[in-house]
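Participant: Okay, here's the structure, questions in a sec.
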Amino acid sequence: MKIAMINGSPKGGATNSGFLLDKLRPLLPREAEISTYRVGPKALKEEDYDELYRTDILVLSFPLYFDAVPSHLLRMMTEMEQRRPVDESQRTIRVYAMVNNGFFEGDQCKLAVNIVENWCERCGFHFGTAFGHGAGEMFSSLGNVPVGSGPLKNLGFALEHLVHSIRSGEHAEPFFTQPKFPRFLWQLSSTRLFWHGAAKKNGLKPKDLRRRPGIPPIRLSPPENDVKR
Amino acid sequence: MKMIVHDLEEAGEISWLREFGAGQDVIGSEDAVIRHCTGCFGCWTRTPGTCVLKDEYRHLGARLAVCDEMILISRCTYGGYSPFVCNVMNRTLSYVLPYFRTLEGQTHHQPRYEQAIRLTACFYGENMTEKECGTARSLVRANALNLGAERFEVSFYDNVRQLKEALA
Ligand SMILES: Cc1cc2nc3c(=O)[nH]c(=O)nc-3n(C[C@H](O)[C@H](O)[C@H](O)COP(=O)(O)O)c2cc1C
């Protein structure tokens, strides 16, 4: 069984999408041949697409952007659709998705999962299942917490859900969850530690984050008369 | 003023668009090469309100803030926007604040600016499925909520000709 894992986070360094892939890997069938890809602002190479079409299982792990798939990953998905091999005897690829988002509620990932499902339909792939997990930016502070306990209890269920479908080959409805952690504490720590902490590192005060930069010189479309001239 | 984000270059409809978008802030893929968002949150925590990527699209938040309407004209792509229109959306993150508020029981962003936009999305494409249209409708609704839009509208067209007739 060939499994291709795609990290669709465009960030440099550690990513929450990568965190999820790291937690998934040890749970996959031992005999699986696993390859990993990074899809960020830099496009995949031609041979990467050929390889992806030779895989049995594709796992997409990506952050939610504007309630949907981020543009660089969407670009890769459209490229993949265009490169569909004409040979209909090609093996059927099963697709799985792990979406993580910044807001607390994991079910805000629902539309991104729908987009992946619609993509599968267009490409002739089988959609296996997916999960969406909220408060993704918490992962980096939970590196030492075992999956399935404490705030990562629900992540344990989510991974189990995905792995069961990968192993059995059965389709399952997507699953949405968030850390087992009080929402108000998440909100407080995101604001105080995460945003204000980042501002401080950049020499800014919390109130600076509310700045309203003025209108820069922009190129407006010329008035209609100019066009006709 | 309206901000009109479109992918009509591919459909060869630039001359129509020039007329339709006269005097508005029109954003298309032929204007300049657009970079993808790198997820660094610099537009919130380094240069608040402005993207740190140095290209023509770094001021999208401030540009949107002087508009009363954002019109998205996009090929319907798996029930979402096409890669270019999606890219522009992703680069407007600075329009909102990193801070949270609760709307309809869920977390969303606080607005950075006092003004609110109307969000209008016009999707075109041959044989869009029911499911894709459903996803697209929900997506525009969700985007409107997050951007603090006061209203939103979604419409679908089988081809660009129909779309042009409807917008004329
Ligand atoms: C341009 C942009 C748009 C985003 N839009 C959303 C959104 O609509 N909803 C949400 O919950 N989080 C949103 N986020 C937050 C990311 O999904 C979140 O930070 C995620 O944990 C990043 O994961 P990564 O480390 O794998 O890139 C957005 C982030 C960026 C940079």
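Participant: Right, B:ALA149: outside any helix (DSSP H, G or I), out of contact with any Phe, Trp or Tyr (no Cβ under 7 Å at 6 or more places or on another chain) and surrounded by 21 or more Cβ atoms within 10 Å (Cβ to Cβ) or not?
Facilitator: Criteria not met by B:ALA149.
Participant: Considering only residues that are assigned to a strand (DSSP E or B) and among the basic types (Lys, Arg), which ones fall in the stretch B:91-131?
Facilitator: Matches in the stretch B:91-131: B:ARG101, B:ARG118.
Participant: Starting from the stretch A:40-58, take each residue that is free of Cβ contacts under 8 Å to residues at least 12 places away in the same chain and list its partners that are hydroxyl-bearing (Ser, Thr, Tyr), counting only C-beta distances under 9 angstrom and pairs at least six apart or across chains.
Facilitator: Listed pairs, sorted by first residue: A:ASP48/A:TYR37.
Participant: A further question on this structure: Here are some residues: B:GLY42, B:GLY125, B:GLY21. Which one is free of Cβ contacts under 8 Å to residues at least 40 places away in the same chain, more than 8 Å from every other protein chain (Cβ to nearest Cβ) and open to solvent by less than 20 Å² (accessible area, probe 1.4 Å)?
Facilitator: B:GLY42
Participant: Which of (1) on the phi > 0 side of the Ramachandran plot; (2) more than 16 Å from the ligand (Cβ to nearest atom) does A:ASP67 not meet, given it meets every other one?
Facilitator: (2)
Participant: Inspect all residues belonging to the stretch A:139-154 and state whether any of them is under 17 Å from the mean Cα position of the chain (by Cα) and within 16 Å of the ligand (Cβ to nearest atom).
Facilitator: Scanning the stretch A:139-154, I find at least one residue that is under 17 Å from the mean Cα position of the chain (by Cα) and within 16 Å of the ligand (Cβ to nearest atom), so the answer is yes.
Participant: Test each condition in (1) open to solvent by 10 Å² or more (accessible area, probe 1.4 Å); (2) within 26 Å of B:LEU97 (Cβ to Cβ) for A:ARG91 and report the one that comes out false.
Facilitator: (2)
Participant: Further question on the same structure: Evaluate the following for A:SER17: is it assigned to a helix (DSSP H, G or I) and open to solvent by less than 10 Å² (accessible area, probe 1.4 Å)?
Facilitator: In short, yes.
Participant: Also, I was wondering about something else. Could you figure out which of (1) surrounded by fewer than 24 Cβ atoms within 10 Å (Cβ to Cβ); (2) more than 28 Å from B:GLY134 (Cβ to Cβ) isn't true of B:ILE71?
Facilitator: With (1) surrounded by fewer than 24 Cβ atoms within 10 Å (Cβ to Cβ); (2) more than 28 Å from B:GLY134 (Cβ to Cβ) applied to B:ILE71, the lone miss is (2).
Participant: In the set B:LEU8, B:LEU60, which member is more than 8 Å from chain A (Cβ to nearest Cβ) and in contact with a Leu (Cβ under 6 Å, 6 or more places away or on another chain)?
Facilitator: B:LEU8
Participant: Is at least one residue of the stretch A:116-129 of a type in the set (Val, Ile, Thr) and touching a residue at least 24 places away in the same chain (Cβ under 8 Å)?
Facilitator: Yes, because at least one residue in the stretch A:116-129 is of a type in the set (Val, Ile, Thr) and touching a residue at least 24 places away in the same chain (Cβ under 8 Å).
Participant: To continue, here is another question. Scan the stretch A:1-14 for residues that are open to solvent by less than 10 Å² (accessible area, probe 1.4 Å) and within 12 Å of the ligand (Cβ to nearest atom) and report the count.
Facilitator: Residues that pass the stated criteria total 3.
Participant: Looking for whichever is at pLDDT 95 or above, farther than 12 Å from A:PHE19 by Cβ and touching a strand residue (DSSP E or B) at 6+ places or on another chain (Cβ under 8 Å) here; the options are A:HIS133, A:HIS126. Which one fits?
Facilitator: The match here is A:HIS126.
Participant: Every residue in the stretch B:45-66 that is among the aliphatic types (A, V, I, L, M) and either open to solvent by 10 Å² or more (accessible area, probe 1.4 Å) or within 12 Å of the ligand (Cβ to nearest atom) (or both), please.
Facilitator: Passing the criteria: B:VAL52, B:LEU53, B:LEU60, B:ALA65, B:VAL66.
Participant: Separate question: Which residues, counting only those in the stretch A:26-78, are small (Gly, Ala, Ser) and at pLDDT below 95?
Facilitator: A:GLY40, A:ALA43
Participant: When the stretch A:98-112 is examined, which residues are found to be open to solvent by less than 10 Å² (accessible area, probe 1.4 Å), in contact (Cβ under 8 Å) with a residue 60 or more places away in the chain and more than 8 Å from the ligand (Cβ to nearest atom)?
Facilitator: A:MET98, A:GLY106
The values are calculated or read from the model by the stated rules, or taken from the named source; none is laboratory data. These numbers come from a predicted model, not from an experiment. Note that each Cβ is placed from the backbone with ideal geometry, even for glycine, and that neighbours are counted across all protein chains shown. All accessible areas refer to the heavy atoms of the entire protein, side chains included, with ligands and DNA or RNA removed. Shrake-Rupley method; radii C 1.70, N 1.55, O 1.52, S 1.80 Å.
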